[in-house]
Amino acid sequence: MEKQNRVLRDAMVSRIKSKIEQNTFRPEGLSGDLRTEIEIYLLPTGEVLSTTIVRSSGNGAYDNAVQRGIYNSAPLPMPTDPVLLREFLTLRLPFTSPGKGKTQSAGDRRTSADD
């Protein structure tokens, strides 16, 4: 059952990150690869309560763009399983932006269950 939960968790994280990526735009004039890590606090409905920059990219414009992308993505998709839902009320997600255009998220992720 744990493997099935991991698969469901990973699929849901992928859906959430994909939606955020679609709504996050890298500010003009930035160069180089940037990486930020954002903690997202959510309601069970997928509405965003707040976000916190856990690790800054070193560029405030980029960090803020990712945060705006998170808020613009609300409501985020949430699992329907009550046990899994609790794990998604706090998400810590890394985002990287290589090159120009839309932001891409890094492959790793951490939910509150990983603490």
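For segment 20-47, give me each residue that is touching a Ser or Thr at 6+ places or on another chain (Cβ under 8 Å) and of a type in the set (Val, Ile, Thr).
Listed by number, the residues that qualify are 20, 24, 36, 38, 40.
Go through (1) closer than 19 Å to residue 11 by Cβ; (2) at pLDDT 95 or above one by one and return the number of the condition residue 48 breaks.
With respect to (1) closer than 19 Å to residue 11 by Cβ; (2) at pLDDT 95 or above, residue 48 is out only on (1).
Quick one: is residue 69 of a type in the set (Gly, Ala, Ser) and within 14 Å of residue 19 (Cβ to Cβ)?
Yes, satisfied.
How do the pairs read when you match residues in segment 1-28 that are at pLDDT 95 or above with residues anywhere that are in a helix (DSSP H, G or I) and surrounded by 14 or more Cβ atoms within 10 Å (Cβ to Cβ), using Cβ under 6 Å and keeping only pairs 6 or more apart or on different chains?
20/69; 20/70; 23/69; 23/72
Looking at segment 51-96, which of the residues that are farther than 23 Å from residue 25 by Cβ and β-branched (Val, Ile, Thr) is modelled with the highest pLDDT?
The first filter runs over segment 51-96 and keeps only residues farther than 23 Å from residue 25 by Cβ, leaving 78-90.
With the extra rule that they be β-branched (Val, Ile, Thr), the set shrinks to 80, 83, 90.
Values: 80: 93, 83: 88, 90: 97.
Checking each candidate, the answer is 90.
Answer yes or no: is there a residue in segment 16-35 that is in contact with a Phe, Trp or Tyr (Cβ under 6 Å, 6 or more places away or on another chain), among the β-branched types (Val, Ile, Thr) and outside any loop (DSSP other than H, G, I, E, B).
no
Among 50, 57, which is under 17 Å from residue 93 (Cα atoms), touching a strand residue (DSSP E or B) at 6+ places or on another chain (Cβ under 7 Å) and assigned to a loop (DSSP other than H, G, I, E, B)?
57
In the set 84, 76, which member is touching a residue at least 60 places away in the same chain (Cβ under 8 Å) and either aromatic (Phe, Trp, Tyr) or in a helix (DSSP H, G or I) (or both)?
So the residue among 84, 76 that is touching a residue at least 60 places away in the same chain (Cβ under 8 Å) and either aromatic (Phe, Trp, Tyr) or in a helix (DSSP H, G or I) (or both) is 84.
The values are calculated or read from the model by the stated rules, or taken from the named source; none is laboratory data. Given the structure is predicted, the values throughout are model-derived calculations rather than measurements. All Cβ positions, glycine included, derive from the backbone under ideal geometry; neighbour counts span all protein chains shown.
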